[in-house]
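Only one structure is covered here, and it is reproduced in the block below.
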Amino acid sequence: MKKRLAWAFVWVASGMICLSAAIFIMGMHYHLSLFLKEIPLPNPQVINLSHHFEQALIQSIVWTSVGTIILAVVISFYVAQKIAAPLIEMRKAAEKITKGNLEMRVHLEGKDELSELGQALNHLTEELKKQEALRRMLTSDIAHELRTPLATLKSHMEAFEDGIWEPTPERIRSCHEELERLIHLVGDLEQLTNVESPGFTLRKKRECLGEIVEQSMKAMETAFRTKNIQLKKVISTEIPVCVDRNRIMQILINLLSNALKFTPPGGTVSIEVKEEDGKAYIIVKDTGVGIPASETAKVFERFYRVDKSRSRKSGGSGLGLTIVKKLVEAHEGTVEIQSNLNEGTRVVIMLNKEKPADCKQEGHGQHTN
């Protein structure tokens, strides 16, 4: 690469030098010829002097051109070395990265475009490293989550087959519960994959946020009544928002389901909708068992649980809050969680109010990354 680049510079520079020299020599010869023709009485000494002067100029131009070409060769190889060296280093680094060496980094000094390119390559490698770590963690977590219900089902089936257990309704119900956990996990994984896919779209339109909250509460009303948990709402005013109704309902049902799981009978779950500083807020608050304040920053991670055994027993997959965060961010909003152990949990979702440019017509698709 370095030689090809250097010879390209040499040929361009040499061509320009030779062309300039040829044009200068032709122009000089033309003007000297005109000068000799305009002399009324040609003088042999003047003619000889003109020829000698012309040859001296031509020789000077030729030697100057040769020296300039030699200098151009030296400079071209030097410049090619400076340009090609970092490019070669980046190419070698890229080759190692493609082979799986994500620890590879390029070290370039300066603040020019090549240094910026090297920094971009390093940043890309760092992101690839993070994504690879996430992929391995996700694979490990999925394997861990599938192992428990599958092992339970296997032991039950073997006990039935060997005649150790009778297939009583209670034991069949236990197998059914494990199957339900598997179905729930696969469903959550499917939702998360859909939300994170490049082709994921939101079908935004003008909606009343209070109506969406009321519809979500009605969908969960029976479950709350069965567990004897009071479900309250505080909606101060109608707040127009530009959102995907189904996705906001998915967010709310996930949050309400989470609150239902960890709020004991006789407790209370409330949803407040309010407007403040041109923003729309949804606040879901429960009187459940809560989580330690030090753990709140981790609850949006995939498969994260404060108490793994308790969450698995209640049917949680550890993906609900991850899906909530992805959907809120797709709406260009934010979600925060505040909680203390044995004091309940408070989830605050902030959404932008309706923007006419975002809601031109019903069913308008918006891609999200």
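The values are calculated or read from the model by the stated rules, or taken from the named source; none is laboratory data. Quick caveat: nothing in here was measured; it's all calculated off a predicted structure. Methodologically, a virtual Cβ is constructed for each residue, glycine included, from the backbone with ideal geometry; neighbour enumeration extends over all protein chains shown. These accessible areas exclude ligands, DNA and RNA; they are computed on the full protein's heavy atoms, side chains included. Shrake-Rupley method; radii C 1.70, N 1.55, O 1.52, S 1.80 Å.
Some notes on this structure:
- DSSP-defined antiparallel bridges as percent of all bridges, region 193-295, nearest 5: 65 percent
- Surface analysis of the chain yields an accessible area of 62 Å² per residue, using protein heavy atoms and a 1.4 Å probe.
- A85 versus E190: modelled label distance in nm, points set 7 Å from Cα along the beta carbon direction: 5.8 nm
- Overall form of region 196-253 per C-alpha gyration tensor (a/c, 1.5; a/b vs b/c): oblate
- Bridges between two residues of the chain, per DSSP, are antiparallel at a rate of about 85%.
- 5 Å binning of all Cα-Cα separations within region 49-116, expressed as whole percents from 0 upward: 3, 14, 13, 12, 10, 9, 7, 7, 6, 5, 5, 4, 2, 2, 1, 0
- Once the Cβ-Cβ distance of R173 and A120 is raised to the sixth power relative to R0 = 51 Å, the FRET efficiency obtained is 0.35.
- Sites matching GluC sites (Glu not before Pro) across region 189-259 that sit in DSSP coil, with at most 15 neighbouring C-beta atoms within 10 Å: E238
- 222 nm mean residue ellipticity, helices alone, for the chain (DSSP H n ≥ 4; -39,500 (n - 2.57); rounded to 500): -21500 deg cm²/dmol
- The GNM of the chain, with springs linking C-alpha atoms under 10 angstrom apart, assigns the highest mean-square fluctuation among I283, I349, I70 to I70.
- Cα gyration tensor, region 120-170 - rounded (a/c under 1.5), prolate or oblate: prolate
- Under-5 Å amide H pairs with V243, H placed in peptide plane, nonlocal only: K205, E207
- Gyration tensor verdict on the chain (Cα atoms; rounded if a/c is under 1.5, prolate if a/b is larger than b/c, oblate otherwise): prolate
- Size of charge dipole - region 142-257 - debye, nearest 20, with Cβ of Lys, Arg +1 and Asp, Glu -1, no other charges: 740 debye
- Heavy-atom accessible surface of F160, to the nearest 10 Å², is about 50 Å², with a 1.4 Å probe and all protein chains retained.
- Of the listed residues T268, T226, T125, the order by accessible area with a 1.4 Å probe, largest first, is T226, T268, T125.
- Carbon and sulfur %, accessible surface of the chain computed with the full protein complex present, 1.4 Å: 58 percent
- Separation of alpha-carbon centers, region 206-236 and region 58-99, rounded to whole Å: 71 Å
- Here the chain is scanned for trypsin sites (Lys or Arg not before Pro) in DSSP loops (not H, G, I, E, B) that have at most 16 other Cβ atoms within 10 Å, and the longest stretch holding none of them is 228-359.
- Above-threshold pairs, the threshold being 30 Å between Cα atoms, out of K227/K353; K3/K99; K130/K353; K130/K227; K205/K325; K205/K285: K227/K353; K130/K353; K130/K227
- Label-point separation, A8 to R225 (7 Å along Cα→Cβ), nm: 7.6 nm
- For N340, residues with placed amide H under 5 Å, excluding near neighbours: I291
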